[in-house]
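Notes follow once the structure below has been shown.
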Amino acid sequence: MQKRYFLLIVIALGLHPLLSAQTLTLKWKTDSVLSVPESVYFDGKANLLYVSNIAGKANEKDGNGFISKISPEGKIITKEWAGGLDAPKGMGIFKNKLFVADLSRVAIIDLTTGKVLKRIDIDGARFLNDVTVDKRGVVYLSDSETGKIFTLTDETPALYFESVEFKRINGLLSLKNGIYVADAGNGMNYKLSADKQLSKFAETAPGADGIVLAGENEFIVSSWGGEIYFVDANGKSTKMLDTKAQKLNSADIDYDPKTKTVFVPTFFGNSVMGYQFKK
């Protein structure tokens with residue numbers, strides 16, 4: 001009897017693990033016609049997804065890379081909407097321009113036409129990976145090979161931050177209180193404050209890739225190998241998805257807070273998958 005009453009009390013308080021677990025449930029999957037999709041960017045204003053396709057090796061300047069447009073329901077609208085890139089990865093939007101990390105430079109694409117307006121070399125960059133843009137239009141770029149974060153302000157590049165703590169930085173997320181960084185080298189997740197103070201806030205898994213906001217001080221973090229984690233406001237991480245056995249990667253994700261959909265590029269799986277997020 002005592003055990004039964006205790007269980008009822010736990011459930012009433014909302015502490016039962018089955019009631020508090022965060023989950024991802026597959027909603028849709030695109031056809032496997034993409035070409036090494038590395039990053040997904042959800043444009044809430046236009047209600048569509050941009051997908052960067054490496055279309056070759058991740059570190060090779062071959063001109064084969066391109067950007068696709070797909071619907072939030074997984075329909076491919078235009079497979080090769082913008083082309084002529086090398087190994088495009090992270091993306092960000094400001095006003096009518098799409099900023100794309102493309103190895104050692106940034107490609108700026110007109111959202112109306114899909115044409116590359118300009119390519120800006122980032123001095124000292126070797127493997128630009130993710131992009132985030134703040135409210136002022138400052139573009140932040142992670143360089144996985146050098147452990148540096150660069151900025152692009154009014155199309156002028158500069159070194160913003162570097163640290164020996166970084167092993168292989170990848171995902172970036174700009175919020176009001178700073179820049180959040182996912183480190184693929186050690187699975188650590190950092191907060192870089194406006195005054196450039198670096199602190200750890202969570203640990204997920206090596207290969208940490210995309211990082212998105214999922215609630216107040218809550219995050220969803222992907223790991224390239226095929227894992228996705230929920231990080232709560234206390235920094236506790238919980239694995240929600242593991243597709244390693246299916247050999248499906250989970251690279252640079254994005255999230256639609258209105259429909260609570262997580263968009264996952266599968267890299268070598270050549271598709272994008274949409275998951276319903278519940279917590």
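The values are calculated or read from the model by the stated rules, or taken from the named source; none is laboratory data. Model, not experiment: these values are computed from the prediction. Glycine gets a Cβ as well: all are built from the backbone with ideal geometry, and neighbour counts include every protein chain shown. SASA here: full protein model, heavy atoms, side chains in, ligands and nucleic acids out. Shrake-Rupley method; radii C 1.70, N 1.55, O 1.52, S 1.80 Å.
Find out how many positive minus negative residues lie around residue 123, taking Lys and Arg as positive, Asp and Glu as negative, among other residues whose Cβ is under 13 Å from that of residue 123.
Working: positive: 105, 126, 148; negative: 121, 143.
Net charge around residue 123: +1.
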**Prompt:** Kirkwood Rh over Cα pairs of the chain into Stokes-Einstein at 37 °C, 0.692 mPa s: D in µm²/s?
**Reply:** 174
**Prompt:** Expressed as a rounded percentage, what relative contact order does the chain have, with Cα pairs under 8 Å and six or more residues apart?
**Reply:** 16
**Request:** Please work out how much accessible surface residue 113 shows to a 1.4 Å probe, ignoring ligands, DNA and RNA, in Å² rounded to 10.
**Result:** 80
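What's the local net charge at residue 193, with K and R +1, D and E -1, over the other residues with C-beta under 13 Å away?
Working: positive: 176, 191, 196, 200; negative: 195.
So the environment of residue 193 carries a net charge of +3.
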**Message:** Given a 1.4 angstrom probe, what's the average accessible area per residue across the chain, in square angstrom?
**Reply:** 47
**Item:** Check: the stretch 161-279 dipole with +1 on Lys, Arg Cβ and -1 on Asp, Glu Cβ, in debye
**Value:** 220
**Asked** If you find the alpha carbon centre of the stretch 120-158 and of the stretch 30-81, how far apart are they in angstrom?
**Response** 21
**Local electrostatic count at residue 79 - Lys and Arg +1, Asp and Glu -1, tallied over other residues with Cβ under 13 Å** = 0
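About the Cα centre of the stretch 29-99, how large is the charge dipole given +1 on each Lys and Arg Cβ and -1 on each Asp and Glu Cβ? Please answer in debye to the nearest 20. Kindly include the intermediate steps, with their values, before the conclusion.
On the way: 10 positive and 8 negative charges, 49 e Å.
Roughly 240 debye, rounded to the nearest 20.
With +1 on each Lys and Arg Cβ and -1 on each Asp and Glu Cβ, and nothing else charged, work out how big the dipole of the stretch 58-152 is about its Cα centre, in Debye to the nearest 20.
On the way: 15 positive and 13 negative charges, 82 e Å.
Dipole magnitude for the stretch 58-152 comes out near 400 debye.
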**Fill in**
Rounded to the nearest 10 Å², the accessible area of residue 227 using a 1.4 Å probe with every protein chain kept is 20
**Request:** Take the solvent-accessible surface of the protein heavy atoms, probe 1.4 Å, and return the percent of it on the chain that carbon and sulfur atoms account for.
**Result:** 51
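Select from the stretch 159-225 those trypsin sites (Lys or Arg not before Pro) which occupy a DSSP coil region and have at most 10 other Cβ atoms within 10 Å, ordered by residue number.
Those satisfying the criteria are 176.
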